[in-house]
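Every read-out reported here was derived from the displayed coordinates using simple, explicitly stated rules and does not represent laboratory data. All of these numbers come straight from a predicted model, not from anything done at the bench. Here Cβ is always computed from backbone atoms with ideal geometry, including for glycine, and neighbour counts include all displayed protein chains.
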Amino acid sequence: MKVLILGGTTEAGALARALAEREIPARYSYAGRVAAPKLQPLPTRVGGFGGAAGLAAFLTAEHITHLVDATHPFAEQMSRHAVAAAEQTGTRLLALTRPPWTPQHGDDWQRVDGIEAAVDALSGPPQRVLLAIGRLHLAAFAARPRHHYLLRLVDRPEAPPPLPRHTLTVDRGPFTREGDLALLREHGVERLVCKNAGGTGAAAKLEAARLLHLPVVMIDRPALPARREAHGVDDVLDWLRHDTAPHEGVERGV
Ligand code: 3Y8
Ligand code: NAP
């Protein structure tokens, strides 16, 4: 057995620790999105594979028997490539993902379907908006220049974001309720825009928004291809124990 974890999330890190503790042969993969990704307790590769074909070639060359897609729910392209490459190579595939957040009592959510719809939702009078969607999609909000944006990024950007009024805070999660409460109060945030990431690492801002009665523009997840899914590390460990690939441990009729 040899496992490849497509990582970049809190859950992927937890799985990496579990496999390392059990000395299960495994590798960890980052896209290379940020300057200094968190170190993992497994041999780690960084950077794209070169499309689904590149991933398939990697799976074959590295004799990967089990592929765990533990990427973020918005990492749509990676997840699509994982399904295609696993099918092409006969590699077992399991997605380790987290259930979407659902609005709690006292929440004021406006659900939208994608980044452009989130931009449209900001057509009202100028507000102070926490844009907690990372770096990749900031430019879309240049269409709504009247707002003052609080931007939270993992790395300081080389060029200033194309938003005339903004304050930049450089920080990486997991975040805390106290920290996010202080952030929203300090900057007088009146509205949040975020992705329905699920999980615990990014949930603090929603708790803070609830306490401060702030409205949230919640971007729904992209649709992903059908694949086997698990929501916890133990489920993945069970799958690895019981889902041996055809060439392992199963008597072949001859
Ligand atoms: C490179 C690797 C761990 C993983 C921690 C999780 C939690 C903290 C919260 C806010 C929301 C956001 C963003 C966020 C969170 C965890 C997790 C998560 C959201 C790192 C990391 C990588 C990335 C990539 C980065 C994206 C960006 C998204 C910031 C590591 C820190 C907004 C998503 O500058 C960029 O290019 C950043 C790009 C993709 C989304 C975007 O579109 O900009 N994550 N985040 C991964 C790689 O190279 O493969 O250093 O740990 C990981 C984490 N970020 O092990 O503890 O599990 O989700 N990441 C979102 O959820 O909305 C911040 O600010 O409130
Ligand atoms: P994406 O749009 O689905 O993927 C774009 C390309 O990046 C992929 O086609 C692949 O390149 C490469 N890639 C993505 N994840 C990779 C991984 N784990 N290992 C190797 N290559 C990877 O992905 P994304 O949304 O940019 O996310 C990139 C990374 O950040 C992922 O690890 C994800 O888990 C993490 N992350 C993303 C978010 C988010 O909001 N999107 C939030 C938290 C963490 P090739 O086609 O060349 O193989």
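Which of rounded, prolate, oblate describes region 173-239, given a ≥ b ≥ c as roots of the alpha-carbon gyration tensor eigenvalues and a/c under 1.5 marking rounded, otherwise prolate only if a/b is larger than b/c?
Details: a/c = 4.03, a/b = 1.94, b/c = 2.08.
It comes out oblate by the Cα gyration axes.
Express as a percent, rounded to the nearest 5, the fraction of DSSP beta bridges in the chain (both residues included) that run antiparallel.
On the way: 0 of 38 bridges.
So the antiparallel bridges in the chain amount to around 0 percent.
Using only C-alpha positions, report the orientation-averaged shadow area of the convex hull of region 111-250, nm², one decimal.
Values: hull surface 44.6 nm².
Projected over every direction and averaged, the Cα hull of region 111-250 covers 11.2 nm².
Taking the C-alpha atoms of region 30-83, how large are the radius of gyration and the largest Cα-Cα span, Dmax, in Å?
For region 30-83, the Cα radius of gyration and maximum Cα-Cα distance read 11.5, 30 Å.
Taking neighbour Cβ counts within 10 Å as the exposure measure, how do Ile115, Ile219 sort from fewest upward? Present the calculation step by step, with values, prior to reporting the outcome.
Values: Ile115 19, Ile219 22.
Taking fewest neighbouring Cβ atoms as first place, the list is Ile115, Ile219.
With n ≥ 4 as the cut-off for DSSP H runs, can you work out [θ] at 222 nm for the chain, using -39500 (n - 2.57) per run divided by the number of residues, rounded to the nearest 500?
Calculated from helices alone, the mean residue ellipticity at 222 nm is -8000 deg cm²/dmol.
Just want the answer: with Cβ charges of +1 for Lys and Arg and -1 for Asp and Glu, which residue in Val3, Trp101, Ala208 is farthest toward the dipole's positive end in the chain?
Ala208
Could you tell me the ratio Rg/Rh of region 85-140? Both radii from Cα atoms, Rh via Kirkwood. Working shown, then result.
On the way: Rg = 17.5 Å, Rh = 15.3 Å.
Across region 85-140, the Cα-based Rg/Rh ratio is 1.14.
Looking at the square roots a ≥ b ≥ c of the eigenvalues of the Cα gyration tensor of region 6-149, which shape do they give, rounded for a/c under 1.5, prolate if a/b is larger than b/c, or oblate?
Values: a/c = 2.32, a/b = 2.06, b/c = 1.13.
The shape class here is prolate.
Rounded to the nearest whole Å³, what is the per residue volume of the convex hull around the Cα atoms of the chain?
Details: hull volume 34.8 nm³, N = 254.
Roughly 137 Å³ of hull volume per residue.
The chain: longest stretch without exposed GluC sites (Glu not before Pro) (DSSP loop, at most 13 other Cβ within 10 Å), sites themselves excluded?
Working: sites that count: Glu23, Glu62, Glu158, Glu248, Glu251.
Free of exposed loop sites, the longest segment is 63-157.
Using the 10 angstrom Cβ neighbour count as an exposure proxy, how do Ile64, Ile5 rank, fewest first? Please list the in-between numbers first.
On the way: Ile64 22, Ile5 28.
Ascending Cβ contact count within 10 Å gives the list Ile64, Ile5.
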